[in-house]
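Trainee: Okay, here's the structure, questions in a sec.
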Amino acid sequence: MSVAFRFIHAADLHLDSPFKGLGDAPPRVRQALTESTFGAVRRLTAAAVSANVDFVLLAGDLFDAADRSLRAQAFLHQQWAKLREHGIGIYIIHGNHDPLSGERARFAVMEGVHVFGAEEKEGRPAYRKDGGLAAFIYGMSYGSRAVTDNLASRYRPAA
């Protein structure tokens, strides 16, 4: 018997993007664009809580650059803490813009947050809030920005 579950899948948030191509835009517009990525994450967090989702999957390019800004990291850590307060699991896959090799602060690993590694495809169980198994999530982060291997070829059906 299957039991329904709810989740949010998001990607390409590019948190704290400098929007370099808009150097000629008025400062007010550039500031609004810079803040828009933070607003998007706030709305994603609020939507997850409001919809009472079981977990959130953030699949690639959470940050705009390999060397993540401290502001962006601290902000994301705060948003994850809000999700965890509501029992929402978090699964992270890093993309080519924010590979695992990038510079970052060493925040304490939060229970209920799983970051997929870059060596091999990894499967993790995702649970409903009632503790029941909802699904298995498979993922693999980019280890570095330039990956020439076909990562999709590493995905094989699991038992």
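Trainee: Inside the stretch 18-27, can you point out the residues that are within 24 Å of THR45 (Cα to Cα) and exposed (fewer than 13 other Cβ atoms within 10 Å of the Cβ)?
Mentor: Passing the criteria: none in range.
Trainee: Please determine, by comparing only the residues of the stretch 50-76 that are open to solvent by 50 Å² or more (accessible area, probe 1.4 Å) and assigned to a helix (DSSP H, G or I), which one is farthest from ASP98 (Cα to Cα).
Mentor: SER50
Trainee: Same structure, new question: Any idea which residue in the stretch 1-17 is modelled with the highest pLDDT, counting only those that are surrounded by 13 or more Cβ atoms within 10 Å (Cβ to Cβ) and either of a type in the set (S, T, N, Q) or more than 19 Å from the chain's Cα centre (by Cα) (or both)?
Mentor: Per the criteria, the residue is PHE5.
Trainee: For residues in the stretch 28-43 being farther than 18 Å from PHE75 by Cβ and open to solvent by less than 90 Å² (accessible area, probe 1.4 Å), which is modelled with the highest pLDDT?
Mentor: The extreme case among them is VAL29.
Trainee: Return the pair list, or none, for Cβ contacts closer than 9 Å from residues in the stretch 102-125 that are at positive phi and at pLDDT 75 or above to residues that are among the β-branched types (Val, Ile, Thr) and surrounded by 13 or more Cβ atoms within 10 Å (Cβ to Cβ), at least 6 apart or on different chains.
Mentor: Note: pairs meeting the criteria are GLY112/ILE88; GLY112/ILE90.
Trainee: Could you tell me which of the residues TYR138, TYR91 is over 22 Å from ASP16 (Cα atoms) and of a type outside the set (Val, Ile, Thr)?
Mentor: After applying the criteria, what remains is TYR138.
Trainee: Okay, moving on. Any residue at all in the stretch 130-146 that is of a type in the set (Lys, Arg), open to solvent by 80 Å² or more (accessible area, probe 1.4 Å), in contact with a Gly (Cβ under 9 Å, 6 or more places away or on another chain) and farther than 26 Å from SER50 by Cα?
Mentor: For the stretch 130-146, residues of a type in the set (Lys, Arg), open to solvent by 80 Å² or more (accessible area, probe 1.4 Å), in contact with a Gly (Cβ under 9 Å, 6 or more places away or on another chain) and farther than 26 Å from SER50 by Cα: present.
The values are calculated or read from the model by the stated rules, or taken from the named source; none is laboratory data. Model, not experiment: these values are computed from the prediction. Glycine gets a Cβ as well: all are built from the backbone with ideal geometry, and neighbour counts include every protein chain shown. These area figures cover heavy atoms from the full protein model, side chains too; ligands, DNA and RNA do not enter into them. Shrake-Rupley method; radii C 1.70, N 1.55, O 1.52, S 1.80 Å.
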